Amino acid sequence: MPDPSPPAEPEYEGDYRPAPSANPLAHLDPVNVRVEPADLTYLVQLADALNTTLDLQTLLNRTSELVRAIINYRIFAIFLLNDRTHDLRMRFQIGHTREAERMRFPLGKGVIGQVALTRQAMLLNDVSSSPVYIPANPEVRSELAVPLIAKNRLIGVMDLESEKAGYFREEHLHLLTLTASRIAQAIENARLYARVSRQAQTLTVLNEIAMELTSILDLDPLLERVGQLLRRLIDYQMFTIMLLDPKGGTLITRYAWRFGYSHAPLRRIPITSGLVGASVREWRVINVPDVRKDPRYLPMNPETRSEMIVPLFHKGRIIGVLDLEHTRTHFFNEEHERMLTTLAAQIAIAIENARLYQAVTRQERQLERDINMAREVQLRLLPEAAPEHTHADLAVRFLPARSIGGDLYDFLEYGPNQTAIVLGDVSGKAAPAALFAALVSGIMRSAAQQRLQPAAMLSMLNDALQERRLESQYVTMLYVLWNDENQTLQLANSGAVQPMFCRAGGAHPIRAEGFPLGMFPNVSYDEFSVATEPGDAFVFVSDGILDAENEHEEMYGEDRLSSMLCAQRERSAAQIAEAILADVSRFQAGHDRFDDETIIVLKVR
């Protein structure tokens, strides 16, 4: 027998409730309700209180409390309509079992579905006599269901049940019908607010994901991170990233995640088959609610029920797909499609950037190997030591730049008392310059057997390079012939730094000029002869010495070079070369050398 005492009043937010002593419902029997006009006014005031919250869960809980204030139910539920699947699902309940909570009611099925379909309230005093009743709870004897309609749109159904036959009255039905529209509108407002909040949160997450993805340049870690970040948006159970092969005919799995574990099986699927192939062929998102009903599905994972494939576009072409799977049917919805379509563009850009980075990295490794090879070639071309003469002390210092430069120097024997001193610079840097220097050196050493004079040697080299002309490749060269018998220098210049010598404390440049080798055909060169005196110090340098810069972008220049030469003139050739090189290094103050630095010193004895 039910307790005849009135139920305890619930606590409500706000100040809309009258004082306890003035409660207009205090005199009502919770079963046999008698409603006065003033009571209806109170119920409307209670319904208005629903509009004071936009949190759906709070709203549904408050609705249950408001209804309990007029009907002392024990079993209560609110079902909301899923617009995508067109069925009703229990969103809030009191007194139902877990099994009943998981039930779905299509339109027209059961009392809930029938009320939703007809949009008419239903009161059953004896559920066993109704052909539409579904016995989810064998103890239930009576039921009251009211449609929730807002702006002529079905939102859901409010349902009350009792273990007693004839528990609900027409007054209950009338009261719930009066407040149902207000409850429905409040629920719709809360759902709209929730959607807007989710959209704002989703946009924030999408922006964070896009920013993070652009900072990852290694492809495999990038793909793994994509899978991790997407779980912030969609609670998928299986995920795969497939990229098209270079020919564009096959999708290859690059990353896969399945039930909490990452793996990447070597799977290749032609674009002519499967749902993933359909997404590539049709250039669109493929969203399949139940893969068992789609003949295009390739049964890779037996647990899969729903699948969504999103193509990855980059510069007007598809580079791959994102494949998401779930064990529930109808799991992926239009909101998922919108989110992934928005994010897919950023993912595609990140993947292409990572691929480009990998390609550049491979090229850099290859370039580094080429540079090392070219450096080896360059160093092997250079003589290990300067020759010795009775009246000449020779020394050379060579300091290569970080990248391979085109400096070359050599000492060619013209007989027991004559040596050709060669200092050249090939245009360009890195491997091409070093290899071209090797070509020039080979031609020059072969021609040295003919004992050609400096001007004749430069003309011959120019003609030889014209026959082997390479785009944008030329050589500046200083060719000096030392005669130890009469202590004379003969020299010719094809655009190299003009030589300089110091005598009796004064510096004197040798104004020898000429066109670089390989630039023009049929070029002749001037030849100069210099009679030396004991104590003279000659210096031949590459442009890396004169063009060396300090932090103020000032160049070392001829004046500093001549001052150092004369200041060190009394020392040996090796000491002079070391002093000049050290002074250049001090001038640069640790700045990177952008060109090879070569110094050859001849000190007359």
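The values are calculated or read from the model by the stated rules, or taken from the named source; none is laboratory data. Because the structure is a prediction, the values reported are computed rather than measured. In this analysis, Cβ positions are derived from the backbone assuming ideal geometry, glycine residues included, and neighbour counts consider all displayed protein chains. Note: accessible area is taken over every heavy atom of the protein model, side chains too, but ligands, DNA and RNA are not part of it. Shrake-Rupley method; radii C 1.70, N 1.55, O 1.52, S 1.80 Å.
Projecting the Cα atoms of Tyr73, Leu478, Leu203 onto the charge dipole of the chain, computed from C-beta unit charges around the Cα centre, puts Tyr73 farthest toward the positive end. When the alpha carbon gyration tensor of the chain is reduced to an equivalent ellipsoid, its three semi-axes come out at 98, 27, 16 angstrom, largest first. Seen against the Cα atoms of the chain and their longest principal axis, helix 170-213 is set at about 10 degrees. Counted residue by residue at 0.36 nm each, then reduced by the alpha carbon distance between them, the extension gain from Asp55 to Arg98 reaches 13.1 nm.
Considering only alpha-carbon pairs that sit under 8 angstrom and 6 or more positions apart, the relative contact order computed for the chain is 8 percent. Think of each Lys and Arg Cβ as +1 and each Asp and Glu Cβ as -1; about the Cα centre, that makes the dipole of the stretch 472-605 roughly 480 debye. The simple spin-label model puts a point 7 Å past each Cα toward its Cβ; for Lys151 and Phe594 those points are separated by 6.7 nm. Here the stretch 156-200 is assigned +1 on the Cβ of each Lys and Arg and -1 on the Cβ of each Asp and Glu. Its dipole about the Cα centre then comes out at about 360 debye.
Helix 56-68 axis versus longest C-alpha principal axis of the chain: approximately 10°, rounded to the nearest ten. Each part reduced to its alpha carbon centroid, the stretch 57-132 and the stretch 572-605 end up 94 Å apart. Where the centre of each part is set by its Cα atoms, how far does the stretch 448-462 sit from the stretch 496-532, in angstrom? Between the Cα centre of the stretch 448-462 and that of the stretch 496-532, the gap is 15 Å. Put simply, when 63-75, 504-516, 537-549, 334-346 are sorted by average Cβ atoms within 10 angstrom per residue, most first, you get 537-549, 63-75, 334-346, 504-516.
Could you tell me the calculated FRET efficiency between Ser273 and Lys247, based on Cβ-Cβ distance and R0 = 22 angstrom, to the nearest 0.05?
Numbers: r = 16 Å, r/R0 = 0.73.
Once rounded, the FRET efficiency stands at 0.85.
Figure note: Arg91, Arg98 ranked by solvent-accessible area, largest first, 1.4 Å probe, ligands and nucleic acids not counted: Arg98, Arg91. Annotation: extensible slack from Glu413 through Phe313 equals 29.4 nm (criterion: 0.36 nm per residue apart, minus Cα-Cα distance).
Estimated from the Cβ-Cβ distance and a Förster radius of 30 angstrom, the FRET efficiency linking Asn207 and Glu334 is about 0.90.
Along the axis of the charge dipole computed for the chain (Cβ charges of +1 for Lys and Arg, -1 for Asp and Glu, origin at the Cα centre), the listed residues Met122, Thr342, Ile600 are led at the positive end by Met122. Centre-to-centre separation between the Cα atoms of the stretch 534-567 and those of the stretch 234-296: 67 Å.
When a/c reaches 1.5 or more, the comparison of a/b and b/c decides; with that in mind, is the stretch 458-605 rounded, prolate or oblate per its Cα gyration tensor? Oblate shape, in that a/c is at least 1.5 and b/c is the bigger or equal ratio. The long axis of helix 334-381 is offset from the longest Cα principal axis of the chain by roughly 20 degrees.
Could you give the dipole magnitude of the chain about its Cα centre, charging the beta-carbon of Lys and Arg +1 and that of Asp and Glu -1, in debye to the nearest 20? Please list the in-between numbers first.
Details: 62 positive and 78 negative charges, 583 e Å.
Dipole about the Cα centre, nearest 20: 2800 debye.
Compare the peptides 406-418, 583-595, 487-499 by average per-residue count of other Cβ atoms within 10 angstrom and give them in order, highest first.
Numbers: 406-418: 18.2, 583-595: 14.9, 487-499: 21.8.
Result, highest mean first: 487-499, 406-418, 583-595.
Per the helix-only calculation at 222 nm, which mean residue ellipticity applies to the chain, given -39500 (n - 2.57) for every DSSP H run of n ≥ 4 and division by its residues, nearest 500 deg cm²/dmol? Can you show the working numbers first?
Values: 13 runs with 214 residues, N = 605.
Dividing the helical sum by the residues of the chain leaves -12000 deg cm²/dmol.
So, R0 is 30 Å and r is the distance between the beta-carbons of Arg605 and Phe528; what FRET efficiency does that work out to, to 0.05? All intermediate terms of the calculation are to be shown ahead of the outcome.
Details: r = 22 Å, r/R0 = 0.73.
Efficiency, from the Cβ-Cβ distance: 0.85.
Full extension of the segment from Glu388 to Thr361, taken as 0.36 nm per residue of separation minus the current Cα-Cα distance, would add 5.0 nm.
Please state the shape class of the stretch 157-227: rounded when a/c is under 1.5, otherwise prolate if a/b exceeds b/c and oblate if not, all from the C-alpha gyration tensor. Note, shape of the stretch 157-227 comes out oblate.
Dipole orientation for the stretch 310-363: of the candidates Ala354, Phe313, Phe331, Ala354 has the Cα lying most toward the positive pole (charges on Cβ; Lys, Arg +1; Asp, Glu -1).
Given axes a ≥ b ≥ c from the Cα gyration tensor, I'd like to know whether the stretch 451-507 is rounded (a/c under 1.5), prolate (a/b larger than b/c) or oblate. Intermediate values should be presented prior to the final figure.
Numbers: a/c = 5.41, a/b = 1.79, b/c = 3.01.
Cα axes put the stretch 451-507 in the oblate bin.
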